[in-house]
Amino acid sequence: MNLEVIYLVLFGLLCMIGIFFFVQHAESQILLVPATIEPGKAQTVSEDANPVLAQAEGISGAGEHKEAASFTFHPIGFVHSTYSPQNRPPRQGRLAPDVIATIEICEEFEEGLEGIEDFDHIYVLFVFDRTEGWNAKVNPHGASKPRGVFATRSPNRPCPIGLTAVRLEKREGRILHVAGLDAFDGTPILDIKPYLGWIDAFPESGKKVKKDLGFK
């Protein structure tokens, strides 16, 4: 075997090794999204987890061709109250500030309540689980004209999530006693956050549309 043949064989081997490493590198850039979701956790395709999707976000029109991300949430607890579809709450919980309800947090999340009793008000995020459908425009009770659903607090929304600031009366283990919660008995709770008046309060906000929304 002469030197020319040896060189050709070595060159061929180098080419094969290069192709092998190129393929390995390309496969490492492809991330497989889990098809199953663990109980108690929400998962979605994020830009951090998928560089290909992140890159697509920056391309004009890319959103028209990729599937919308979906989320799965599991309740952290449930409401116990006197309100029901037959005995509806007021349009805002603060219109009945002395009506007491309880929020029962699931056992596995009880430790997450530690320190919540230090706050006199909390935000409660919940699901409008008894609404059906939604409209882009709605007529709020007492309002002077129709408004886009995102300019109202209508429970009939594309993502039917409710948010209410309530007064925390006391905590008993995993039971929270609250006042001013405008949610039906059995309503699933998604999250609880402390309300911080010096950060969250904007007293002048919304005054220019107060009458348009039917408030005196």
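Average accessible surface for region 141-201: 53 Å² per residue, computed with a 1.4 Å probe over protein heavy atoms with every protein chain in place.
In this structure Lys207 has an accessible area near 120 Å², from a 1.4 Å probe over the protein heavy atoms. Here the accessible area is traced with a 1.4 Å probe on the protein chains. For region 138-216, carbon and sulfur cover 56 percent of it.
Positive contributions from Lys and Arg (+1) and negative ones from Asp and Glu (-1), summed over other residues with Cβ under 13 Å from the Cβ of Gly186, come out at -2.
Ordered from highest to lowest accessible area with the whole protein assembly present and a 1.4 Å probe, Cys159, Cys106 read as Cys159, Cys106.
A probe of 1.4 angstrom, applied to the heavy atoms of all protein chains, finds Glu111 with accessible area near 150 square angstrom. 3J(HN,Hα) along region 161-176: 10, x, 9, 9, 8, 10, 8, 8, 6, 5, 10, 10, x, 9, 10, 10 Hz, from the Karplus curve 6.51 cos²θ - 1.76 cosθ + 1.60 with θ = phi - 60°, whole Hz, x for Gly and Pro.
Where the alpha-carbon atoms of region 74-214 are placed on the principal axes, they occupy 46, 35, 24 Å, in descending order.
The values are calculated or read from the model by the stated rules, or taken from the named source; none is laboratory data. Owing to the predicted nature of the structure, the values given are computational and were not obtained by experimental measurement. Positions of Cβ are generated from backbone atoms using ideal geometry, with glycine treated the same way; all protein chains shown enter the neighbour counts. Ligands, DNA and RNA are excluded from the accessible area calculation, which covers all protein heavy atoms including side chains. Shrake-Rupley method; radii C 1.70, N 1.55, O 1.52, S 1.80 Å.
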